[in-house]
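The structure appears below as structure tokens.
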Amino acid sequence: MTRRRLGLLLCALLLPAFAACTEDPAATAQAWHGGTLTIGTGPTNGVFNQIGGGYADIVNRHLEGYEALAPPTNGAGENLLRLASDDVQVAFTFADTAADAAAGRGSFEGKPVKFKALARIFNGYTHLVVRANSGITSIKQLKGKRVATGPQNSGTELVALRLLGAAGLDVKRDITQVSASLSQMANLMRAGDLDAMFYAAGLPTVGVQALFAQSPGMFTLLPTEELFLTMGKAYPDIYAPGKIPKAMYGLSADVTVVAVPNLIVVREDMPADLAFRLTQLIFDYQSELAAVHPEGDNISRDIAALVSPLQLHSGAGRFYGVS
């Protein structure tokens, strides 16, 4: 055998091994889902949509071989339904909604969704808006009122219904429930066709901010923290106390509320290397998320892995150094 033929033979034998050793894990993962990732966000004037759009931009610029899309959705619940049908592969959601979806409870009864978490991010704060001159000072006084509970299958709807229940109100008998988007609710409030509206999101929420700014002194927020202990007993390890600073919406005082942790979750079948990179991007380019919305600055690696009762994706666990 000539030296040339021997060299060609060695090349043919060694090339696959060399390629396997030098292959970029992200490049291997990019074949997943044809290189297209759709991110379930939220309504166009909500925090999930803003942060989700920023996250998609980061993926598009820093994860070679991928195109990320971030269309508006109705939020937490719809995102998980779309995750189950593979309409989205990455989703922003609430911890309470996600816990129900994973266990097949509530609106997911008999239809559990399989997914894993990348990160716990910022909290969603329960905005309960009423007219400043309505005389309503407690959630219990919503009995007999027209109350909007957010879009159907949204995280807002779930926490609103649970808060109303914790206050002793029967949604079917004690209030007139209205399901609507944030912009629709704001318009109904301005027109006097609603007595109250719920919206759970990070701070500030653009749609709520606009409502207060365009109608100075007309609206206020009700506190809900009084129901935190009741909520905690009914739904352990889910909710947290929160505070909406008065300066956020030009209020006369800070408002204490029930808050719910927000999560980024992905399909269970996402490759571990891709999940690792998507998690890494959140923290490598966190300043870019903060530039899109202030809540981006409130994402903390110290608590990002605390997604109980859910499970971390193995790729995310590798990023955080936990099993």
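The values are calculated or read from the model by the stated rules, or taken from the named source; none is laboratory data. Computed from a predicted structure; not experimentally measured. Methodologically, a virtual Cβ is constructed for each residue, glycine included, from the backbone with ideal geometry; neighbour enumeration extends over all protein chains shown. Side chains are part of the model used for accessible areas, which takes the heavy atoms of the whole protein and leaves out ligands, DNA and RNA. Shrake-Rupley method; radii C 1.70, N 1.55, O 1.52, S 1.80 Å.
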Q) Counting just the residues of the range 172-193 that are under 20 Å from Val47 (Cα atoms) and in contact with an Asp or Glu (Cβ under 9 Å, 6 or more places away or on another chain), which one comes out least open to solvent (accessible area, probe 1.4 Å)? A) Ser179
Q) Can you tell me how many residues in the range 120-135 are open to solvent by 20 Å² or more (accessible area, probe 1.4 Å) and farther than 15 Å from Ala76 by Cα? A) 5
Q: Report yes if Ala247 is open to solvent by 80 Å² or more (accessible area, probe 1.4 Å) and not aromatic (Phe, Trp, Tyr), otherwise no.
A: yes
Q.
With the requirement that a residue be at positive phi and at pLDDT 95 or above, what does the range 91-118 give you?
A. Gly104
Q) Pick from Ala102, Ala98, Ala91, Ala117: which is open to solvent by 10 Å² or more (accessible area, probe 1.4 Å), touching a residue at least 24 places away in the same chain (Cβ under 8 Å) and not in a loop (DSSP other than H, G, I, E, B)? A) Ala102
Q: Quickly run through the range 69-88 and pick out the residues that are part of a strand (DSSP E or B) and open to solvent by less than 10 Å² (accessible area, probe 1.4 Å).
A: none
Q | Flag for Val322 being in a loop (DSSP other than H, G, I, E, B), without any contact (Cβ under 8 Å) to a residue 24 or more places away in the chain and in contact with a strand residue (DSSP E or B) (Cβ under 8 Å, 6 or more places away or on another chain) | A | yes
(Q) Restricting to the range 155-166, name every residue that is among the small types (Gly, Ala, Ser), open to solvent by less than 10 Å² (accessible area, probe 1.4 Å) and farther than 19 Å from Arg131 by Cα. (A) Gly155
Q: Return the residue satisfying two criteria in turn: it lies in the range 209-244 and is among the aromatic types (Phe, Trp, Tyr) and buried (at least 20 other Cβ atoms within 10 Å of the Cβ), and of such residues it is modelled with the lowest pLDDT.
A: Tyr239
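In the range 283-305, which residues are within 21 Å of Tyr239 (Cβ to Cβ) and surrounded by 15 or more Cβ atoms within 10 Å (Cβ to Cβ)?
Residues satisfying the conditions are Glu295, Asn298, Ile299, Ala304, Ala305.
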Q: Working carefully through the options Ala196, Ala259, find the one that is crowded, with 21+ Cβ neighbours inside 10 Å, in contact with a Gly (Cβ under 6 Å, 6 or more places away or on another chain) and in contact (Cβ under 8 Å) with a residue 24 or more places away in the chain.
A: Ala259
Q.
Out of the helices (runs of 4 or more DSSP H) lying entirely within the range 123-234, which hold 1 or more residues that are polar (S, T, N, Q) and within 28 Å of Arg82 (Cβ to Cβ)?
A. 155-166, 182-191, 206-214
